[in-house]
Amino acid sequence: MRFPFFIARRYLFSKKSTNAINVISGISVVGVAVATMALVVTLSVFNGFSDLVATLFTAFDPQLEITPTEGKTAPADDPILTEIRQLPQIAVATECVEDLALVTYHDRQAMVTIKGVEDNFDQLTHIREILYGDGTFELHAADLQYGIVGIRLAEQLGMGYRFEDPLQVYVPRREGQVDITDPEDGFEHDELFSPGVLFSVMQAKYDKNYILTSVGFARRIFDQQGMISSLALRLKPGSDFEGVKSEIKRIAGDRYQVRDRYEQQDDTFRIMKIEKFIAYIFLTFILVVACFNIIGSLSMLIIDKRDDVVTLRNLGASDHQITQIFLFEGRMISAMGAVIGILIGLLLCWIQQTFGVIALGSSAGSFIVDAYPVSVHFTDVLLVFVTVLVVGFLSVWYPVRYFSKRLIE
């Protein structure tokens, strides 16, 4: 292959008899480079948003969550859960009880999710980092039960960081008959007081729907004494995460699901992956269109080099070797475009990461971040490079063979 490659390299960089061929070859390289650059930048932006969402969920979601496969609750003293708690790699284990409830504050009301957790919830997650107000993380004090409300839910109910009047909580009774003459008799009722803080995950799923309180309050109002909705875990630093997760899955068997942070938000990340894949497909189609320039450049080059082909044949070159010359020509154009496009794409990503040139809004603070987040993943860069080479190689294979048979003979 050295001989066809050597001639193809000379043809690529040498001056042709018709200057238009050089121009079209340059346009071909630029077209492939621009499409490659767009792929690198677009995939990196999707990665940036995905990583940003992951950091937001980290402050609220546990590292590992164990939930029953069937039903909404499970016994807190289940031997399986006890065995999992006793694993040496477990640093913090928190029992959680979670269900829907109706809350009212003054003349406003909302359907919310009450999430009861143990006092060590702040050791399990980074909840303290997303609290706002003049209070602190407290779930109860003596007989008082506190409720830490999501910031958007507080806005909806017309509450401040420290609401003066207690929040009224209503939950349908699990047992007994409803007295039609007294509808309130069909509900369990209790009150939550303010610890002086609100939480903000910057995700509507939590900020608009969740209230954190003690697990004792949740068990009482939901009538779930001795039960849990989930067991949340944090591992000790330096633990083999995947290894521990596999061991917990083995212990849990079919009775419990074991999910990490990404699996807990599976719907969100699945949508982002689908969007990223669709963007990749569309940009690949643009790359295919850009590769048509290579076909035009090669067809003109084959016509221009007819005399050279005759000379090469007289010197003993076979038709296969001559075809390989023009195939190498097209492949080198694709490879050059791929390398240049990736380098420019990486440069643009670095500029955006460092300087935040493209802003998300006209004013600072309008969004979670001021500029488009960018995260370059090596696997994506490799995928883009392979995609460009494959599309480029396939796009020139049939045209070169066709033109070499028709125009060289």
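May I ask you to verify whether Gly345 is within 18 Å of Asn47 (Cα to Cα) and either at pLDDT 95 or above or more than 21 Å from the chain's Cα centre (by Cα) (or both)?
yes
Keeping to the range 121-138, report how many residues are open to solvent by less than 70 Å² (accessible area, probe 1.4 Å) and assigned to a helix (DSSP H, G or I).
Matching residues across the range 121-138 total 5.
In the range 157-189, how many are at pLDDT 85 or above, open to solvent by 80 Å² or more (accessible area, probe 1.4 Å) and part of a helix (DSSP H, G or I)?
So the answer is 0.
Determine the pairs where a residue that is under 13 Å from Pro373 (Cβ atoms), located within the range 342-355, has a partner that is part of a helix (DSSP H, G or I) and open to solvent by less than 60 Å² (accessible area, probe 1.4 Å) with Cβ atoms under 8 Å apart, the partner being 6 or more residues away or on another chain.
Cys349/Val40; Cys349/Val41; Cys349/Ser44
Look through the range 86-115, keep the residues that are exposed (fewer than 13 other Cβ atoms within 10 Å of the Cβ) and not acidic (Asp, Glu), and return whichever of them is modelled with the lowest pLDDT.
Result: His106.
If we scan the range 72-82, do we find a residue that is modelled with pLDDT of 95 or more, part of a helix (DSSP H, G or I) and more than 30 Å from Gly147 (Cβ to Cβ)?
yes
Checking the structure you have, find out if any residue of the range 290-309 is more than 26 Å from the chain's Cα centre (by Cα), under 30 Å from Asp61 (Cβ atoms) and of a type in the set (Ser, Thr, Tyr).
First, pick out the residues of the range 290-309 that are more than 26 Å from the chain's Cα centre (by Cα): 290-309.
Still in the list and also under 30 Å from Asp61 (Cβ atoms): none.
There is no residue in the range 290-309 that is more than 26 Å from the chain's Cα centre (by Cα), under 30 Å from Asp61 (Cβ atoms) and of a type in the set (Ser, Thr, Tyr).
Give the residue that is farthest from Ser395 (Cα to Cα), with candidates limited to residues of the range 22-36 that are within 29 Å of the chain's Cα centre (by Cα) and of a type in the set (A, V, I, L, M).
Among residues in the range 22-36 that are within 29 Å of the chain's Cα centre (by Cα) and of a type in the set (A, V, I, L, M), the one farthest from Ser395 (Cα to Cα) is Val34.
Among the residues in the range 111-125, are any of a type in the set (Lys, Arg), over 15 Å from Gly150 (Cα atoms) and either in contact (Cβ under 8 Å) with a residue 12 or more places away in the chain or in contact with a strand residue (DSSP E or B) (Cβ under 9 Å, 6 or more places away or on another chain) (or both)?
no
Are there any pairs with C-beta distances below 9 angstrom linking a residue in the range 49-60 that is more than 10 Å from Ile130 (Cβ to Cβ) and in contact (Cβ under 8 Å) with a residue 24 or more places away in the chain to a residue that is in a helix (DSSP H, G or I) and open to solvent by less than 20 Å² (accessible area, probe 1.4 Å), with the two at least 6 apart or on different chains, and if so which?
Ser50/Phe269; Val53/Phe269; Ala54/Phe269; Phe57/Tyr206
Would you call Ser334 in contact (Cβ under 8 Å) with a residue 24 or more places away in the chain, touching a Leu at 6+ places or on another chain (Cβ under 7 Å), polar (S, T, N, Q) and part of a helix (DSSP H, G or I)?
yes
Among residues belonging to the range 320-342 that are crowded, with 24+ Cβ neighbours inside 10 Å and more than 26 Å from the chain's Cα centre (by Cα), point out the one that is modelled with the highest pLDDT.
So the residue we want is Gly337.
The values are calculated or read from the model by the stated rules, or taken from the named source; none is laboratory data. Computed from a prediction, not measured in an experiment: that's the story for all the values here. Counting neighbours? That spans all protein chains shown, and the Cβs are built from the backbone with ideal geometry, glycine included. Quick note on the areas: whole protein, heavy atoms, side chains included, nothing else; ligands and nucleic acids left out. Shrake-Rupley method; radii C 1.70, N 1.55, O 1.52, S 1.80 Å.
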